[in-house]
Each structure stands twice: as structure tokens, then as C-alpha cells.
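Structure, as C-alpha cells:
The values are calculated or read from the model by the stated rules, or taken from the named source; none is laboratory data. Keep in mind that what you see is a predicted model, and the values were worked out from it rather than measured. Counting neighbours? That spans all protein chains shown, and the Cβs are built from the backbone with ideal geometry, glycine included. With ligands, DNA and RNA removed, areas are computed over all heavy atoms of the protein, side chains included. Shrake-Rupley method; radii C 1.70, N 1.55, O 1.52, S 1.80 Å.
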Amino acid sequence: MTRSSWAIRPKGEREAEGVAGLLGEIAREGRWIATEWPFDVRERAREMRDALLRRWCVGWVATDGRNLVGDLTVFDIERDDPELGMIVAASHRRRGIGRALLACAIEWAQANGKPALRLRVFPDNDPARELYRASGFVDVALQRAAIPRPDGPSLDAIVMSRPTSQR
């Protein structure tokens, strides 16, 4: 899938280093994701590569030229409602990349007989929540203190779900 200067493609083990680097970049923002900085980028890339090779997850990446600018991973793929996680580089937000990545995950879930997809998002992440709602996700539960933080109180998360039968 291609849009203006960026493209979406299935994620393979060759993208693990780039995805881990992008994860670090977004974790340093300290706001949008549960992953905290610092972490060992090489170790995270190795873990991701292993998970992809063992088919414990599936995913897609967004690239702009040679730059990796987005990632969506579906975890717990054996479940009826696997969980997804998505990141998009700050420089490429609000360009339709998140919507395109979500469309790939929804198509995969439909093709693989998954009745729903789920995700967790911070209650104050309004841009992401708007995108998820526009893609058919609905709030299911508020998990109080679901995300532990070593230097402060645990953070709440909203569980959202999207039935794959809807269009």
C-alpha cells in the first residue's frame, strides 16, 4: 500500500532493528506508549526478530524512502481477540499512516477468522483514541493503574476492541 511518499509492507525480521530504534524514539517522548526509555535497543530488536521468526506475532511497517516511520504489531495471535500495538514517528503523524496500518491488521484478522482485535491506550492520548474510534474500535474497559512506572504512580489504560465483522 502506498500513499504519497510513504508505503506500508508486511514486517519481517529484517525490520527488527529499525522498529526497535523507532520504539526508542517514541519512548523518549515519554507520553504515548507504555514502553519506557532507556532500554537496550539491540536486545529489543533481537526479541522482536525471534518473535517474528517463531510466528508469535505479525505486523506491518510504514516506510518513507529508506526511513522506517511506523509499525503495527499484532500479539497473542492465537487468541480470538489478539492485541495490537502501533507507533508512528512524530514527523509522520496525521498523514494517514496509522489508519493504513490498522486496515492491514483488520484485514489480517478477518482473513484469519479472528472475531475481534483489541488494544490498550492511555486515556489522555486523544489523537490515538480518535483514530481508533474512526476505525471502528470502541471502549471496553478502563484498567486502573494498569501500567506500572518505576518513578511514579501506575497509569490507567483504556481497553478498546473492534469486531472484525464490521466494515
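Can you give me the accessible area per residue for the chain, using a 1.4 Å probe, in Å²?
55
Nearest 500 deg cm²/dmol is fine: what mean residue ellipticity at 222 nm does the chain get from its DSSP H runs of n ≥ 4 alone, each adding -39,500 (n - 2.57), divided by its residue count?
Result for the chain: -9000 deg cm²/dmol, rounded to the nearest 500.
Given labels modelled 7 Å from the Cα in the Cβ direction, how far is it in nm from residue 138 to residue 155?
2.7
Amide H to amide H under 5 Å from residue 141: which residues, 5+ apart in sequence or cross-chain, H placed 1.01 Å off N in plane?
For residue 141, whose amide H was placed from the backbone, the distant partners under 5 Å are 159.
Can you tell which of 33, 106, 147 shows the greatest fluctuation in a Gaussian network model of the chain with Cα springs below 10 Å?
It is 147.
With point charges of +1 on the Cβ of Lys and Arg and -1 on the Cβ of Asp and Glu, referenced to the Cα centre of the chain, which listed residue (148, 8, 75) lies farthest in the positive direction of the dipole?
8
Among 126, 156, 151, what's the order by accessible area (1.4 angstrom probe), most exposed first?
Output order, biggest surface exposure first: 151, 126, 156.
So if I place +1 on the C-beta of Lys and Arg and -1 on the C-beta of Asp and Glu, and nothing else carries charge, what would the dipole magnitude of the stretch 52-92 be about its Cα centre? I want it in debye, nearest 20.
260
Using a 1.4 Å probe over the heavy atoms of the protein chains, calculate the carbon and sulfur portion of the accessible area of the chain as a whole percent.
49
Using the Cβ atoms and a cut-off under 13 Å, what net charge is assigned to the surroundings of residue 83, where Lys and Arg are +1 and Asp and Glu are -1?
Once positives and negatives cancel, what remains is +1.
Per residue of the stretch 5-19, in order, report the coupling 6.51 cos²θ - 1.76 cosθ + 1.60 (Karplus, θ = phi - 60°) as ³J(HN,Hα) in whole Hz, putting x for Gly and Pro.
Whole-Hz 3J(HN,Hα) from phi for the stretch 5-19: 9, 10, 9, 10, 8, x, 7, x, 4, 5, 8, 4, 4, x, 5.
Just read off the accessible area of residue 124 with the full protein assembly in place, 1.4 Å probe, to the nearest 10 Å².
Here the residue's solvent-accessible area equals roughly 90 Å².
Of 43, 83, 25, which has the largest mean-square fluctuation in a 10 Å C-alpha GNM of the chain?
Evaluated over the chain, the most mobile residue of the options is 43.
If you find the alpha carbon centre of the stretch 142-167 and of the stretch 34-74, how far apart are they in angstrom?
Taking the Cα centre of the stretch 34-74 as reference, the centre of the stretch 142-167 is 20 Å away.
If you build a Gaussian network model of the chain, linking Cα atoms that sit under 10 Å apart, which residue out of 150, 127, 38 swings the most?
150
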